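To keep things clear, I will list the structure first and then write my remarks on it.
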There are 2 protein chains.
Amino acid sequence: MKMIRIEDGAGGKYMGEFLKKYVIPKFNAKVGEISLSDMEDSSDISSEMVFTTDTYVVDPPVFPGGSIGSLAVCGTANDLAVMGAKPAYMSLSLVIQEGFPLDTFEQVLDHLKQWTDVVDIKVITGDTKVVNSGIGIAINTSGIGVRNPHLEENLKVLREFREYPFQWIRDRGLSEGESIIITGNIAEHGVTIMKSRDELGFEIDVKSDVFPVWLFVKDILDVGGITAMKDPTRGGIAGVLNEIAEKSRVGMLIHEEMIPIREDVKGFCEVLGLDPLTMANEGIVVMGVVEELAEDVIRALKKTGQKNATIIGKTTSDFEEVVMETSAGTTRVIPPPTSDPIPRVC
Amino acid sequence: MKMIRIEDGAGGKYMGEFLKKYVIPKFNAKVGEISLSDMEDSSDISSEMVFTTDTYVVDPPVFPGGSIGSLAVCGTANDLAVMGAKPAYMSLSLVIQEGFPLDTFEQVLDHLKQWTDVVDIKVITGDTKVVNSGIGIAINTSGIGVRNPHLEENLKVLREFREYPFQWIRDRGLSEGESIIITGNIAEHGVTIMKSRDELGFEIDVKSDVFPVWLFVKDILDVGGITAMKDPTRGGIAGVLNEIAEKSRVGMLIHEEMIPIREDVKGFCEVLGLDPLTMANEGIVVMGVVEELAEDVIRALKKTGQKNATIIGKTTSDFEEVVMETSAGTTRVIPPPTSDPIPRVC
């Protein structure tokens, strides 16, 4: 008997294959310019709105820096924000295991409340199920994001430099010669979750980077020139760099030493044999920006508090892969990760 | 340590209390005329759209008459339809247990596909997680429904008879002297799920009534005069009759012998000590209709194939409860169920 494998839902190459084989061929509807098969972070339901969904199953439900509640708001809001949409409305669907501690549940609700207030996203519909199965807690949030002046400004400025045939910020939006920017330190969410489960007592003082990126994305949209954006959750930056490069049919040259990462986080990954490029993040964005505006975008990011924002490379038509110049001076291809190294990371 | 109880998510009075204590006070946003605290089937995000969400956890995932896939489409489409909205767009978020049989998964997907085609609801965004916890499969679908000529016609006709201050069909829409209609046999979904788990071999040939009610709701909206609608899932018709009566501040007199139910389904419930009025349904609607149009609505329902559609009673200001005249000639109050008798029924 064939069975579902953990890799089929782990955000990497295997999940892509699984979805393309079983799910996507059945649901090829298209309302606006984006269909399910485009596998973007959201799809448009009109020229004014995009729609997204995510079920969070992170284990443990509470971790340094946040909880499944923080993820359920920020993660869904981020999937809207990277389209250039302002997060506006949200559903909240809870599946809770019988016997789940009420005080943990209340902590999760407090985080949900806190972040919906910060993002100003309105929870207007919900559902609650209690089950006698070992899920702990799973939270689905579906979100609706709306067209806004920041997105319009970005498209206007961008079109002074090049053609851009899309109405939203698209994965396939990159062209040759653009700068690749990352807005903050990588791997901190993934390492936090791994550390939270570690019973070996490996010492590292790290917390999840979970954060609603719209709070700074809106300001860089005002600078303009952003051609593609993604939040590198499951599969990390290795995943999203490959995804936007492949969809845009460009190559990329990335410089390892430019990738912002804390030394101790890097060390933690090295010891455990993990590649930090494949580790999940929940509060940063990877983006393409027209070269002429890249420094302005960096300045705007630093002004909003993203002090580790950096240009990590650029797009090229010289090759088709994501290639990294390593700190050791060699170059290597970064393949799309087959799956996230950590199950239930978000 | 206080813990989450199965009743906290079982669709009855206890769930209502749980949500009012812990969840709803945190999320009191209102975009249009409906807020989370109204606990309607959907909430409006504009004068043109309503939004709803549901996570399905039914166990077993495949049962006579359908599967969790059928429920995930019909259930969410029905929550839109009872507002008078045409089901239009849907998200699809899968949480699957590692080791789940692939052929069962494909069967579920086939049902998802089949019903989205019938309803003409477009799946445009999704998410997939595989977990190593005993959930089997859980599916969240969030749906967006749109204003349509059928709803407009209903509101127009209705307002020739009485004031109706709402833009959508609302739970609180009932007035005194209206007919209560039920569109088909009750308790068949709940009995099917219970039977699917029964290892005692109780013989009954029954299948779930899972069905997208928009297919007939649109025709009765054209007749007009519908003041409130609900699909009686968890908690059954006892739940929804109490809910619309309480929200509308009217009483109700119901006639037991008018309630459509198969004899063998009734017998099955009797033997197991279950109240069929509290058993879940997935393809029928309970509604209030202005008395003058009730017979026209019944005729329209029968024409669309709802051959057991019946007027089961009417609203009254003589008392505040839902009162049933029993087949034995006595009367009794039908209280709101404390919870659904069957866990993981939808």
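The values are calculated or read from the model by the stated rules, or taken from the named source; none is laboratory data. Predicted, not measured: the structure shown is a model, and the values here were computed from it. Methodologically, a virtual Cβ is constructed for each residue, glycine included, from the backbone with ideal geometry; neighbour enumeration extends over all protein chains shown. Areas reflect the complete protein model, heavy atoms only, side chains present, ligands, DNA and RNA absent. Shrake-Rupley method; radii C 1.70, N 1.55, O 1.52, S 1.80 Å.
Rg over Rh for chain A works out to 0.95, both radii taken from alpha-carbon positions and Rh defined as the Kirkwood radius. Among the GluC sites (Glu not before Pro) in region B:163-247, those placed in a DSSP loop whose Cβ has at most 11 other Cβ atoms within 10 Å are B:163, B:199, B:203. Largest first, the residues B:202, B:27 sort by 1.4 Å accessible area into B:202, B:27. The Cβ shell under 9 Å around residue B:208 holds other residues with a net charge of -2, Lys and Arg each +1, Asp and Glu each -1.
Our estimate of slack between residue B:330 and residue B:307, defined as 0.36 nm per intervening residue step minus the Cα-Cα distance, is 5.5 nm.
From largest to smallest, the equivalent ellipsoid semi-axes obtained for the protein assembly as shown from the alpha-carbon gyration tensor read 48, 26, 21 Å.
Work through the residues other than residue A:325 whose Cβ is under 11 Å from its Cβ and net out their charges, Lys, Arg +1 and Asp, Glu -1. Net local charge, residue A:325 excluded: -1. Any idea which of A:260, A:281, A:158 is furthest toward the positive side of the dipole for region A:158-310, if Lys and Arg beta-carbons carry +1 and Asp and Glu beta-carbons -1? Farthest along the dipole direction, towards plus: A:158. For residue B:132, inter-copy separations between label points set 7 Å beyond Cα along the Cβ vector come to 2.6 nm, shortest first. Normalising the average separation of contacting C-alpha pairs (under 8 angstrom, six or more residues apart) by the number of residues puts the relative contact order of region A:12-114 at 20 percent. Charge tally for residue B:193 (other residues, Cβ to Cβ under 13 Å; Lys, Arg +1; Asp, Glu -1): -1. For the chain pair B and A, the interface hides roughly 6500 square angstrom of accessible area in total, found with a 1.4 Å probe.
Label zone (residue B:257, point 7 Å along Cα-to-C-beta; backbone nitrogen cut-off 19 Å) within region B:297-334: B:308-314, B:323-333. If we hang a label 7 Å off Cα along the beta carbon direction at residue B:47, how far is it from the matching labels on the other copies, in nm, shortest first? Output for residue B:47: 1.9 nm, nearest copy listed first. Among the residues of B:87-99, the average count of other protein chain beta-carbon atoms within 10 Å of the residue beta-carbon is 6.
For the pair region A:293-346 and region B:127-205, the centres of their Cα atoms are 47 angstrom apart. With the gyration tensor restricted to C-alpha atoms of region B:63-151, the semi-axes of the equivalent ellipsoid amount to 26, 13, 10 Å, longest first. Spin-label model, residue B:296 to residue A:48: label points 7 Å out along the Cα-to-beta-carbon direction sit 3.2 nm apart. For region A:75-217, the ratio of Cα radius of gyration to the globular rule of thumb 2.2 N^0.38 Å stands at 1.31. Estimated from helices alone, the mean residue ellipticity of chain A at 222 nm is -9000 deg cm²/dmol (sum of -39500 (n - 2.57) over DSSP H runs with n ≥ 4, per residue). When the Cα centres of region B:225-262 and region A:238-269 are compared, how far apart do they sit, in Å? So the separation of the two Cα centres works out to 57 Å. Calculate what fraction, in whole %, of the accessible area of the protein assembly as shown sits on carbon and sulfur atoms when a 1.4 Å probe is rolled over the protein chains. Whole-percent figure for carbon plus sulfur exposure: 49.
Under a model in which nothing but the beta-carbon of Lys, Arg (+1) and Asp, Glu (-1) is charged, region A:188-229 shows a dipole of about 160 debye around its Cα centre. The mean sequence distance of close C-alpha pairs (under 8 Å, at least 6 residues apart), as a share of the length of region B:126-256, puts its relative contact order at 38 percent.
Based on Cα contacts under 8 Å between residues 6+ apart, chain A shows a relative contact order of 23 percent.
Here the simple spin-label model places points 7 Å from the Cα toward Cβ, and for residue B:3 and residue B:222 these points are separated by 5.4 nm.
The dipole here belongs to region B:6-333: it is taken about the Cα centre, uses +1 on the Cβ of Lys and Arg and -1 on the Cβ of Asp and Glu, and is about 620 debye.
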